[in-house]
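Q: Pasting a structure below so you can have a look.
The values are calculated or read from the model by the stated rules, or taken from the named source; none is laboratory data. Source: prediction; values computed, not measured. In this analysis, Cβ positions are derived from the backbone assuming ideal geometry, glycine residues included, and neighbour counts consider all displayed protein chains. Remember, those area values only see protein heavy atoms, side chains included, never the ligands or the DNA or RNA. Shrake-Rupley method; radii C 1.70, N 1.55, O 1.52, S 1.80 Å.
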Amino acid sequence: MEGLFLYTGSIIVVVLIMIIVIIHFVRKIKVKKVRNKAKDLEIDRNVVASTPVLLELSKVEPIIKNDKMEEKYNKWHERFIDIKEKKLTLIDDMLIDLDVFIDKRDYKNCRIRIAKIELEIYKAREAARHLLEEIKDITLSEEKYRSIVIKLKTKYRGLRREYEEHKSLYDDMQEAIELQLDNIERRFLDFEKVMEVNDYNEVVHIVKALDTMIEHMEIIVNEVPDVLLMARQIIPNRMKEIKNIYDDMVSHGYPLEYLNIEYNFEESNKNIESILEKVKVLNLEGCMFDLKVMLEYFDSLFIDFEKERLSRKVYEEVSRDFDRKINKTNKLVNDVYEQLDDIKSMYDLEEEDLSIIHEVNKVLVVINDDYRKLVARVNNGSAPYSMLNEELEGLSIRLDEMEDEFDKALKSLGNMYDDEVRAREQLEEIQTFLKQCKTKMRCYKLPVITDDYFVQLNEANEAIQEVVAELEKKPIVIKTLNTRVDTARDLVLKLYNTTNDMIKTARLVESSIVYGNRYRSYYEEVDRSLCDAEIQYFKGNYKKALDIAVKCISYVDEEFKSKLTTNNYGD
């Protein structure tokens, strides 16, 4: 137990020692960190103090040649003293206080003091920077502005040379341009005078004025020849050319009033005069843009003229085709309309067919009226051909749609007529089949004709009579007629097939009995069966008779059935 207590106590002592060592190292690291921050702040303070304000102020002293400059110098010096003796002194005191709190290990107040010192250093640094920039703006002004003016002089000489080489292009604008060039030269002289007395406030205004004047002169030198050329030659010549084309086309019947050319010419001339007045005072703002817009407008007129020429050719071709087409349609619709009463008396027309014809006629009346108005506008010259083409195209589409509807109605009427013709043709075919059936029955005299056959014959005759009666009705109901024809055809074909089957079966019975007679004297059973077949034959039971005969003969001649089929004894 004593050993355990000793072991536990040793561990506790070691842990305590380790905790004390850790706390010591943590405090040491924290103190080191705070002292390093204090050193950084001191370095920042020294950087502010080393700002070369005095050096720049010493450069200002030799160029003080007027009261304004001296006043500025004094203010700058006062601001420098304020930064050095007040702001930097305050920062020094705050750094000393920070060292005291570091020694006391008062880290909370250390953090507060560090934040305040950083704020004061920032204020001092910004004040020193602004002051240095203001001073440098003066100390570097001569070099800066002379560099700018040298570039402006180079640009000016280039403009002057450009003007002198193409002086003839400026016409009556030469005096105003030369006056402006002289003004620029005087401003260069003013710059030299102001620089001699170091009046940098005035230098700024002169340099800005020079830059603006040369920039404006660059626009004038570059654009005035083009403006004068467009305003005095290109556009007037273009207007003259357009006027000649316009007069020629109007004399040949082209309706061009919609272009308002005369009014636009008048407005264009006013605009050109206004532009020339602005050019005289060297105001080119918007001049080139306005002239380009006018030129684009005049160029578009050539396109309009060509469009009208082409539209007229197209109109003349399309109108001839349309005229023939509408006349043909009018004649066709009128013919159908005139015969409509006769057609109604012949066929039982549906209300839908009649309404289509009436609607088609109404639409055609409207199209004819619109076409007459269009032709009248052509004769009056009150609409351009491009517009007329669009309207004529619309009329063509409407006419095509109307013809489609009319074709549906005609197709319906045509189908009725075709159905009637087809019904009459089928009636003749049906009657021919019926005659063939009767002829065959008369030619091949059967011993007995069954009642079923006469029932089919009567049904076929009655169906044919119903078709004849339906064709004699006025108006004809086509649906009923087609039904009657289909019924009659089916019944006659049924009778025709029955006739052929009955005659063929009877002939096969006869052939079988004749063939089997050779076995009667040898086979009593064959003789007896053939007698039964004869009895059935004379009763009219031809199929039963054939079955008995074939069965009994096959008893003695196994190949008889195939022989009967192959040799076709019934034909």
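Q: Points 7 angstrom from Cα along the Cβ direction at L332 and E78: gap in nanometres?
A: A separation of 10.7 nm, rounded to one decimal place.
Q: Determine the alpha carbon to alpha carbon distance for each of K307/K373; K494/K544; K243/K292; K440/K551; K87/K208 and list only those over 26 Å.
A: Where the Cα-Cα span goes over 26 Å, the pairs concerned are K440/K551; K87/K208.
Q: Within segment 247-334, list the GluC sites (Glu not before Pro) lying in a DSSP loop whose Cβ has at most 15 other Cβ atoms in a 10 Å radius. Working shown, then result.
A: Working: sites: E257, E262, E266, E267, E273, E277, E285, E296, E306, E308, E316, E317; in loops: E285.
Of the GluC sites (Glu not before Pro), the ones in loops of segment 247-334 whose Cβ has at most 15 other Cβ atoms within 10 Å are E285.
Q: Once you put a point 7 Å from the Cα of Q233 and another 7 Å from the Cα of D404, both along the Cβ direction, what distance in nm separates them?
A: Rounded to a tenth, the inter-label distance reads 6.0 nm.
Q: Using only the Cα atoms, work out Rg/Rh for segment 234-276, with Rh taken as the Kirkwood radius, to two decimals.
A: Value, to two decimals: 1.04.
Q: Between the DSSP loop rule and a limit of at most 16 other Cβ atoms within 10 Å, which GluC sites (Glu not before Pro) in segment 484-571 are left?
A: Passing both the DSSP loop test and the Cβ count: E558, E559.
Q: Quick check: residue separation of L169 and D370 times 0.36 nm, minus the Cα distance between them. What number comes out in nm?
A: 66.5 nm
Q: If you don't mind, there's one more thing I want to ask. Rounded to a whole number, what % of the accessible area of segment 267-320 do carbon and sulfur atoms account for, probe 1.4 Å?
A: Result for segment 267-320: 54 percent of the exposed heavy-atom area is carbon or sulfur.
Q: A further question on this structure: At 1.4 Å probe size, what's the solvent-accessible area of F101? Round to the nearest 10 Å².
A: About 40 Å², rounded to the nearest 10.
Q: Any of K33/K104; K325/K362; K86/K116; K504/K543; K167/K280 with alpha carbons more than 19 Å apart? Name them for me.
A: Check vs 19 Å cut-off fails for no pair.
Q: Take the solvent-accessible surface of the protein heavy atoms, probe 1.4 Å, and return the percent of it on segment 508-554 that carbon and sulfur atoms account for.
A: Result for segment 508-554: 53 percent of the exposed heavy-atom area is carbon or sulfur.
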